[in-house]
1. Tell me whether segment 314-323 contains one or more residues that are touching a Leu at 6+ places or on another chain (Cβ under 8 Å), of a type outside the set (Phe, Trp, Tyr), part of a helix (DSSP H, G or I) and surrounded by fewer than 17 Cβ atoms within 10 Å (Cβ to Cβ).
2. Determine, yes or no, whether Arg144 is charged (D, E, K, R), out of contact with any Cys (no Cβ under 9 Å at 6 or more places or on another chain) and without any contact (Cβ under 8 Å) to a residue 40 or more places away in the chain.
3. When you look at Val370, is it crowded, with 18+ Cβ neighbours inside 10 Å and over 26 Å from Arg275 (Cα atoms), yes or no?
4. Taking into account only those residues within segment 234-263 that are charged (D, E, K, R) and surrounded by fewer than 17 Cβ atoms within 10 Å (Cβ to Cβ), which is modelled with the highest pLDDT?
5. Is it the case that some residue within segment 334-353 is touching a strand residue (DSSP E or B) at 6+ places or on another chain (Cβ under 7 Å) and surrounded by 11 or more Cβ atoms within 10 Å (Cβ to Cβ)?
6. Please state which of the following conditions Ile401 fails to meet, knowing it meets all the rest: (1) closer than 28 Å to Leu226 by Cβ; (2) touching a helix residue (DSSP H, G or I) at 6+ places or on another chain (Cβ under 9 Å).
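The values are calculated or read from the model by the stated rules, or taken from the named source; none is laboratory data. Note that this is a predicted model, so its numbers are computed, not measured. Cβ sites come from the backbone with ideal geometry, for glycine too, and all protein chains shown count toward neighbours.
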Amino acid sequence: MLLPVITLDAGRALAERALGLFDATLDAHGLASTLRPSLALAAVCYAAARQAGAAHPERAGRDAVLATPLEGLAPEQRCVVASAVAFQRAQPHRRREPAFLWLPTSAQTTALRLSALLMLADRLGALPATAFHLTGTAKVTTLRMSHAPVELATDGAVIERWRKTIGPFQLDIGPVVAPESTPEPPRTWELPSSWGTVTVPLALQATDPLAEGVRRVLRQQFERLLAREATVRNDEAIEEVHQLRVATRRLRASLQVVASAFDPALIRRFRRGLRRIAADLGAVRDRDVFLDHLHHYQATLPTATQDQLKRLLKVVTQDRAAARQHMLTSLDQARYVRFKHAFAAFLTTPGAGVAALPASGLPLRVRDAVGSLLWQRYEALRAFEPILLAGEEEVQHQARIAGKHLRYTIECFAEVIGEPTERLLAPLATLQETLGTLQDEVTARAYLATLHLTDDPGAQAYLAHRKAESVTQLAVLPDHWAQVIGANYRSRFLVVLAAL
């Protein structure tokens with residue numbers, strides 16, 4: 001699938017409407033007239049994403065701003081425009097938008113005001129200029145209309161955004177009287193002639209430059225991390241911690257996979273930042289898994305013997321609470337905030353941190369690298385073939401890590417792999433689950449030792465139950481392993497590589 005390439009004229013109508021609102025409300029929003037091209041660009045990219053059929057045009061339009069070559073546009077101003085497009089939704093989610101996250105406060109204010117102007121222009125749609133009259137003063141913005149279009153009347157978010165970011169807004173329904181004075185002719189939209197087309201990156205392409213194509217994928221993964229972080233802060237649900245930890249691990253693995261495309265020191269710095277927070281998340285997640293499994297085990301016991309787990313449950317619950325508090329403290333630390341801001345800037349600045357060009361003098365494309373990256377990960381997992389089934393716990397643990405690296409690499413390039421992705425991931429997921437259950441027994445033993453509870457009757461009974469589960473998993477491990485290293489799986493893998 002080729003990426004949609006759309007001319008700037010596709011968004012002319014929306015851009016002109018937005019600029020008309022900009023000029024009519026100068027006293028209200030207080031933005032410099034030099035920001036008119038930024039608003040026009042935001043309108044064009046948002047309109048281009050809709051024309052391209054994007055399911056979420058605000059995200060695709062944001063990505064278009066960050067992907068399209070725009071000569072002379074500074075990184076900060078590009079992210080202001082990208083944020084204005086990204087916020088074309090009811091809730092702006094400021095802490096979840098990478099393009100917005102690293103901006104200074106003044107630039108964030110500009111982005112939000114531009115987003116309010118674009119939202120209002122979009123909701124006014126194709127109404128003729130005679131159907132409404134907008135005025136803005138330092139005290140209030142007034143929109144006079146003969147009738148409110150459904151899009152505006154039913155969408156309180158538009159007016160609420162204006163009120164929160166610009167100032168008081170009043171909607172008057174009644175006859176629209178033309179102003180007594182003759183209005184000045186509308187100004188042009190003033191986009192540089194060098195900005196000829198907009199590229200809407202709906203999916204990773206084999207012919208994309210590796211660094212910039214992967215930058216967009218990493219940005220999507222970082223968005224998921226930010227969204228999960230916001231939920232974890234306010235929710236005790238164990239699944240949310242798990243998903244945040246997965247997002248952190250996936251980002252670390254993806255950065256490792258594509259490290260050759262960027263400055264190695266920069267990648268190491270970002271991976272260290274992710275590793276620190278992953279360790280705190282892991283402490284909570286391990287205790288969550290332990291408690292969840294312990295409760296399920298308790299439910300299988302006769303009522304008379306369930307009380308023997310009371311002490312164990314109490315100690316682990318208290319330990320989990322302490323681990324969660326430590327995790328929340330880490331999320332609030334200045335070091336983590338600085339990491340997020342630096343990482344957001346890297347993910348939203350085209351060309352940032354890109355490695356030197358290869359011998360060809362041309363940027364490395366996705367198709368030039370993804371085959372070897374996938375196969376190297378598969379080879380690393382298959383290298384365990386002679387020793388995995390011997391039953392060594394550390395070997396099983398390392399094989400599980402190698403399997404995760406392969407899975408995350410496949411997921412990183414899922415858009416370019418396409419339909420075969422699921423057929424590659426499904427056997428891996430089964431193997432990972434089996435190895436995970438085996439590792440859970442090892443972790444449980446070590447954890448209870450740190451709590452000095454190995455002599456507790458309830459703990460001893462629980463470990464015996466865990467051991468029995470491991471015996472069952474060891475029995476099915478050979479079959480699950482064969483599904484990943486067998487000829488059928490290798491054939492599927494090679495078909496994917498050949499298609500690239």
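1. In the first step, residues of segment 314-323 are kept if they are touching a Leu at 6+ places or on another chain (Cβ under 8 Å); the result is 315-317, 319-320.
Then keep just the ones that are of a type outside the set (Phe, Trp, Tyr); that gives 315-317, 319-320.
In the following step, the residues that additionally are part of a helix (DSSP H, G or I) were identified as 315-317, 319-320.
Restricting the remaining residues to those that are surrounded by fewer than 17 Cβ atoms within 10 Å (Cβ to Cβ) gives 315, 317.
Within segment 314-323, one or more residues are touching a Leu at 6+ places or on another chain (Cβ under 8 Å), of a type outside the set (Phe, Trp, Tyr), part of a helix (DSSP H, G or I) and surrounded by fewer than 17 Cβ atoms within 10 Å (Cβ to Cβ).
2. Values: charged (D, E, K, R): yes; out of contact with any Cys (no Cβ under 9 Å at 6 or more places or on another chain): yes; without any contact (Cβ under 8 Å) to a residue 40 or more places away in the chain: yes.
Yes: the conditions hold for Arg144.
3. Numbers: crowded, with 18+ Cβ neighbours inside 10 Å: yes; over 26 Å from Arg275 (Cα atoms): no.
Against the criterion (crowded, with 18+ Cβ neighbours inside 10 Å and over 26 Å from Arg275 (Cα atoms)), Val370 does not qualify.
4. Residues of segment 234-263 that are charged (D, E, K, R), as a first pass: 235-236, 239-240, 245, 249-250, 252, 263.
Subset that is surrounded by fewer than 17 Cβ atoms within 10 Å (Cβ to Cβ): 235-236, 239, 263.
Values: Asp235: 73, Glu236: 71, Glu239: 87, Asp263: 94.
Here the answer is Asp263.
5. Our first condition is that a residue be touching a strand residue (DSSP E or B) at 6+ places or on another chain (Cβ under 7 Å); within segment 334-353, this holds for 353.
Next, from what is left, pick out any that are surrounded by 11 or more Cβ atoms within 10 Å (Cβ to Cβ): 353.
The answer is yes; a qualifying residue exists.
6. Exception for Ile401: condition (2).
Condition check ((1) of a type in the set (S, T, N, Q); (2) closer than 26 Å to Ala499 by Cβ; (3) at pLDDT 95 or above) across all residues:
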site	(1), (2), (3)
Gln432	yes, yes, yes
Thr437	yes, no, no
Leu453	no, no, no
Arg466	no, no, no
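Residues checked against (1) in contact with a helix residue (DSSP H, G or I) (Cβ under 6 Å, 6 or more places away or on another chain); (2) acidic (Asp, Glu); (3) outside any helix (DSSP H, G or I):
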residue	(1), (2), (3)
Phe270	yes, no, no
Gly273	yes, no, no
Ala278	yes, no, no
Arg285	yes, no, no
Asp288	yes, yes, no
Leu291	yes, no, no
Gln298	yes, no, no
Asp307	no, yes, no
Lys310	no, no, no
